[in-house]
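Student: Below are the structure tokens for one structure; questions will follow.
The values are calculated or read from the model by the stated rules, or taken from the named source; none is laboratory data. Model, not experiment: these values are computed from the prediction. Neighbour counts run over all protein chains shown; Cβ positions are idealised from the backbone, glycine included.
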Amino acid sequence: MRRTLLIARQEFVKYVTRRGFFISILMFPLWIMVVTLVPQWTGGSGPQHHDFTVVDRTGGAYRDAIAAAALRGAEARRAPAATAQGGHGAPRVVPRSPFAYEDAPDYLVRADDAHFAAAVRRALRGDRGTGYEAPPALDTVVLIPAGFGGAGRAQIWSSGRPDSDLREFVDGALTRALQIAAVHRVAPQISDPAILDAAVQLEARDPDRAAGANATVDSIVPIALAIILFVVSVMNSSVLLQGVVEEKSTRMIEVLLSCATPREITSGKLIGVIAVALTTLVIWGLALFALMGIASHGTVGLVMASLRATASLDTLPLLLVFFLCGLLIYGSLFLAIGSMANSLADAQSLLGPSMLILMLPNVMIAGVIRDPNGALASALSWVPIYTPYFMMLRIASHPPPWQLWGTLALAVTTTVLLIWWTGRVFAKHVLTTERPPSLGALIARFVPGQR
Amino acid sequence: MPETVLELAHVTKRFGDFVAVDDLSFGLARGSILGFLGPNGAGKTTTLRMMLGIVPPDAGTIRVLGRDIAEVRERIGYLPEERGLYKRMRADAAIAYIATLKGLSRGDALARARKLLDGFGLGPFARVRIEGLSKGMAQKVQVLAAVAHDPEFVILDEPFSGLDPVNQTELEAFIRGLAAEGKTILFSTHTMQHAERLCDRLLVLAKGRKLFEGTLEAARRLLPRRARIGADADLAFLAGVPGVLNAAAPAEGQANWTLELSEGADGRTLLAACFEKGVPLSHFDLAPPSLHDVFVSLVEERSPAP
């Protein structure tokens, strides 16, 4: 055990003093910052700003309805705080509209169907007709045809693909206008159709979660943890693989083997990688919280509440065990690959197919998130090398206890078995310069007594 | 009877169909220096790895310091043929790391590392990374890493390769110093001069089989003594002198005749014969065969057929 810990310590020091470690430590929070904060600072969080106009050939009621909706959104956007406190102290996001309505230029209003496309092109180029000075170009033109509400369909004109948020906004505004018109037809005594604007505020709650936790953020946190598991595992395991290939090429491995058994070496390396991974996580976590704190105090509160809900006293040990199992499974596989490779080129050729298999969970993630306790999620959770990943995704959704404990046992068993197998592969191949063994020969290493 | 530090009995190692070591048996007494000689591919490194427990033998037994290798790992020092150190480690830390793996505490290991570096004139480089050292310096660091934990048995695989003559002499002195401390040393080498100067005993291996084991004198006795005589005249008549086994004319580009003498033959009879014939000599020397000659002869003539 002493030698194992000495090797682990050496591995830890070796990796955390590399320039690449500092770069990766800095890059991830910077990347998160760029992805999340820069759009906020540039005013682009959520939908992009759009200048649009409406040509209403029905008389103008729909144009006015859309313009009014855009104005309401713009006023909400100018509100001093972007968030307000909900009923239970949880921050509630206020919907905002980034769409600015502009009156349509005369030539566009007058254009008939045959000339409408040309008129739209002119409007999108920024020609707003007489009476305007250096106006901004329009991004989108909405056409309400004369027969709208019956056979006619509203059109949305833009260069290229119309913005999906604007499209959704126009769709909502027109739907509401049609609903108001329908209400007027059946109940003309209603003087204030704004009652239809009453917005429903749904707050997702979970009986197993503490009050104040936000269910949306709660579902994101396990996903983030699972993705971080993948990123940290692949990143650190790749370093482990490179380290073994380097030790093989410099014959340092021979010195190590004269000091310790293959099992002590592989165990030491894996413990070292776990220490590096946990250090990475702690630094990333602190950096992210610092960045979130700079950006918005509310975000820190949300994530903390969610972490408390996700990583409760009940689930925290399980989450940690699944995380460590995942890390050890990936680390063992990479270590085995490294011990079979004679060069980094060899390692790359072995790594390619392995990465395809290991990355499969990322392809399946959407289905599992949509229905965390459905058939797909349950089935994938029983694939040994994916168990930690999917169970981390599912743990906040309270999978049935038999699945939770069963997959936990599977993950631990898989991990122990893979570490044992890696020790055998390492002992057999780390000193050879032969071609990497066949898949059959590798599987045979699972058989006790097989040399 | 001296204590046996290393004992191999009928050790065989195969890699697929290839027999790397074939039924090898030998022993090594405490305090001796054994030269492990053999051409490339003779099975030297495989044998060393088996002694260290890095690869298991397919047959036979190996006892080190009277026990299984796993029990005495910390009492052995090992210098591999190809130097293995972490390039980004500092010299003292590199030595100390191996020493800690061999049982020393970190503090003791570092203190020992610095003392050894000072002794080798590398004190000022103790905090320099391995990648910043010259090849010779890095090799010295590697040698020191092999012995920093004060092992009883030291295995050195090609310790002189890549060292300049000055560093070779320095390392020879260091190995002699280790032997003087009572350590048992086994080193493999291709350089016969080092083996001649350092070893008490020699073991010659070829194609996985032992060709010779014994002292340097015993090795030299494997070949007849040789006399080299330089003269302008034809010396073929010397073949008839009692004790002369063979008289060979100078090879192209060489000046001297080579005469092989039987054991106990008196070289002075050659001088007397030349004097009687009135042949003036430009060169005369009588010397035992070099280890190089013995080695070449053993490997070329006695190595087992493939």
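Student: For residues that are without any contact (Cβ under 8 Å) to a residue 60 or more places away in the chain and under 27 Å from A:Met1 (Cβ atoms), tally how many sit in segment A:223-246.
Tutor: Qualifying residue count, segment A:223-246: 1.
Student: Something else: Given the conditions (1) under 22 Å from B:Thr184 (Cα atoms); (2) within 13 Å of chain A (Cβ to nearest Cβ); (3) free of Cβ contacts under 8 Å to residues at least 24 places away in the same chain; (4) surrounded by fewer than 21 Cβ atoms within 10 Å (Cβ to Cβ), report the number of the one that B:Thr100 does not fulfil.
Tutor: B:Thr100 satisfies every listed condition except (4).
Student: Would you pick out the residues in segment B:49-78 that are under 21 Å from B:Val141 (Cα atoms), among the hydrophobic types (A, V, I, L, M, F, W, C) and either in the same structural domain as B:Glu213 (by TED's automatic domain parsing) or out of contact with any Leu (no Cβ under 8 Å at 6 or more places or on another chain) (or both)?
Tutor: B:Leu52
Student: Is it fair to say A:Arg19 is modelled with pLDDT under 85 and within 14 Å of chain B (Cβ to nearest Cβ)? Lay out the reasoning, then the answer.
Tutor: On the way: modelled with pLDDT under 85: yes; within 14 Å of chain B (Cβ to nearest Cβ): yes.
Yes, satisfied.
Student: If you don't mind, another one. Restrict the check to segment B:38-56 and report whether at least one residue is more than 22 Å from the chain's Cα centre (by Cα) and surrounded by fewer than 16 Cβ atoms within 10 Å (Cβ to Cβ).
Tutor: Yes, the conditions are met somewhere in segment B:38-56.
Student: Only residues that are basic (Lys, Arg) and more than 8 Å from chain A (Cβ to nearest Cβ): list them for segment B:70-97, please. It would help to see each step written out before you state the result.
Tutor: Within segment B:70-97, the first condition is being basic (Lys, Arg), and the residues that meet it are B:73, B:75, B:83, B:87-88, B:90.
Scanning segment B:70-97 gives B:Arg75, B:Arg90.
Student: Within segment B:227-246, is even one residue out of contact with any helix residue (DSSP H, G or I) (no Cβ under 9 Å at 6 or more places or on another chain), touching a residue at least 60 places away in the same chain (Cβ under 8 Å) and in a strand (DSSP E or B)? Explain how you work it out, then say what you get.
Tutor: Our first condition is that a residue be out of contact with any helix residue (DSSP H, G or I) (no Cβ under 9 Å at 6 or more places or on another chain); within segment B:227-246, this holds for B:228, B:230, B:232, B:234, B:236, B:239.
Now narrow it down to the ones that are touching a residue at least 60 places away in the same chain (Cβ under 8 Å): none.
No, segment B:227-246 contains no residue that is out of contact with any helix residue (DSSP H, G or I) (no Cβ under 9 Å at 6 or more places or on another chain), touching a residue at least 60 places away in the same chain (Cβ under 8 Å) and in a strand (DSSP E or B).
Student: Just to be sure I understand, how many residues within segment B:16-63 are touching a helix residue (DSSP H, G or I) at 6+ places or on another chain (Cβ under 8 Å) and free of Cβ contacts under 8 Å to residues at least 60 places away in the same chain?
Tutor: Within segment B:16-63, residues that are touching a helix residue (DSSP H, G or I) at 6+ places or on another chain (Cβ under 8 Å) and free of Cβ contacts under 8 Å to residues at least 60 places away in the same chain number 7.
Student: The conditions are (1) within 14 Å of another protein chain (Cβ to nearest Cβ); (2) modelled with pLDDT of 80 or more, and A:Thr250 fails exactly one of them. Which is it?
Tutor: Of everything listed in (1) within 14 Å of another protein chain (Cβ to nearest Cβ); (2) modelled with pLDDT of 80 or more, A:Thr250 misses just condition (2).
Student: Here are the criteria: (1) surrounded by fewer than 21 Cβ atoms within 10 Å (Cβ to Cβ); (2) in contact (Cβ under 8 Å) with a residue 12 or more places away in the chain; (3) not assigned by TED's automatic domain parsing to the domain that holds B:Cys274. Tell me which single one B:Ala218 does not satisfy.
Tutor: (2)
Student: Among B:Leu205, B:Leu223, B:Leu286, B:Leu259, which is farther than 25 Å from B:Thr47 by Cα, buried (at least 20 other Cβ atoms within 10 Å of the Cβ) and either within 28 Å of the chain's Cα centre (by Cα) or not hydroxyl-bearing (Ser, Thr, Tyr) (or both)? Break it down stepwise before answering.
Tutor: Numbers: B:Leu205 fails: farther than 25 Å from B:Thr47 by Cα; B:Leu223 fails: buried (at least 20 other Cβ atoms within 10 Å of the Cβ); B:Leu286 fails: buried (at least 20 other Cβ atoms within 10 Å of the Cβ).
From the options B:Leu205, B:Leu223, B:Leu286, B:Leu259, the qualifying one is B:Leu259.
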